[in-house]
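What follows is a set of notes on a single structure, which appears directly below.
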Amino acid sequence: MKIFLDTANLEELKQGAAWGIVDGVTTNPTLIAKEGVAIEEQIRRICAIVDGDISAEVVATEADAMIQEGRGLAKIHQNVVVKLPLTRDGIRACSTLSKDGIRTNVTLCFSAAQALLAAKAGAYIVSPFIGRLDDIGTPGIALIQEIVTIYRNYGYPTQILAASLRSPMHVIDSAKAGAHIGTMPFKVLDMLFQHPLTDRGLEQFLKDYAKAFQPAGVR
Ligand code: E4P
């Protein structure tokens, strides 16, 4: 499974990129607004840090305006993937942009029926939101499983990006379900490293080594 960071924060992206395990980035209008820099400039900066798919979302809500905005975003950098909401206008824009060879990420997907529409429209990526479904008492992971089954049945090339991941369990369950990509906040990526036995084991290794090789006086 590819790992994407769900942030527009440059410091978090630099740290994740330095680990060599970040395959791409997702942003949304909320995340861009948090950084206080215009989307074109912030996406340009993100593209300079992470070499992978970078999702940039339109804010237009009408299809023709989405298409125009999407074309502009795609021009920022060859790695930009145009993010469109799963509305009637968004799907129309997705069909047009996909036919033009512009890669799209259809976002705010909350049902298998919506995911089917995204695949039919030629989306490069579909983003089902796991955490937000869990928030309303609907198991989000079940949606990933359904979409994986449907896409496999028909060989749709659209990649399934598990979004709105809030915990390491969400990441593991998405990988088990067969999501192609998992996007997560920096905090969740950092949590994937943690295991008390790793810390305890390392401490013991270093203590044993120091005891054996340090001069008697400094023990
Ligand atoms: C992904 O593309 C979305 O922007 C993101 O995962 C939403 O996450 P949230 O539900 O934690 O805001």
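The values are calculated or read from the model by the stated rules, or taken from the named source; none is laboratory data. Keep in mind that this is a model prediction, so the values were computed, not measured. Note that we place each Cβ from the backbone using ideal geometry, even for glycine, and neighbour counts take in every protein chain shown. For accessibility, only protein heavy atoms count, side chains too; no ligands or nucleic acids. Shrake-Rupley method; radii C 1.70, N 1.55, O 1.52, S 1.80 Å.
Couple of notes before you dig in:
- Residue-level accessible surface for ASP208, protein heavy atoms, 1.4 Å, Å²: 80 Å²
- Accessible-area value, TYR124, 1.4 Å probe, nucleic acids and ligands omitted, Å²: 60 Å²
- ASP64 contributes an accessible area of around 90 Å² to the protein surface, as traced by a 1.4 Å probe with all chains present.
- Length available on full extension from ALA113 to GLU203: 0.36 nm per residue minus the Cα-Cα distance, which gives 27.3 nm.
- Note on the chain: dipole from Cβ charges, positive end direction compared against GLY178, THR96, ASN79; the farthest Cα belongs to GLY178.
- Cβ-Cβ FRET estimate between GLU41 and ARG88, R0 fixed at 35 Å, reported to 0.05: 0.70
- Figure note: SER174, SER95 ranked by solvent-accessible area, largest first, 1.4 Å probe, ligands and nucleic acids not counted: SER95, SER174.
- Our coupling estimate for segment 176-183, obtained by passing each phi through the Karplus curve with A = 6.51, B = -1.76, C = 1.60 and θ = phi - 60°, is 5, 6, x, 4, 6, 9, x, 10 Hz, Gly and Pro reported as x.
- The Rg/Rh ratio for segment 97-219 is 1.28, where Rg is the radius of gyration of the alpha carbons and Rh is the Kirkwood radius.
- Taking a sphere under 9 Å around the Cβ of THR107 and counting the other residues whose Cβ falls inside, with K and R at +1 and D and E at -1, yields a net charge of 0.
- Per residue, the convex hull spanned by the Cα atoms of segment 61-147 amounts to 91 cubic angstrom.
- Pairwise centroid distance, computed over Cα atoms, of segment 1-77 with segment 178-192, Å: 16 Å
- Only helices enter the 222 nm calculation for the chain: every DSSP H run of n ≥ 4 contributes -39,500 (n - 2.57), and dividing by all residues gives -15500 deg cm²/dmol, rounded to 500.
- Rounded to the nearest 20 debye, dipole of the chain from Cβ charges on Lys, Arg, Asp, Glu: 400 debye
- Atom-type composition of the exposed protein surface of the chain places 55 percent of the accessible area on carbon and sulfur (1.4 angstrom probe).
- Proximity of backbone amide H atoms, modeled 1.01 Å from N, is registered between THR26 and LEU5, ASP6, THR7, SER55 at under 5 Å, excluding neighbours fewer than 5 places apart on the same chain.
- Hull-based mean projected area of the chain, where the convex hull spans the alpha carbons, in square nanometres: 15.1 nm²
- Among PHE213, PHE110, PHE129, the order of accessible area from largest down is PHE213, PHE110, PHE129, computed with a 1.4 Å probe on protein heavy atoms.
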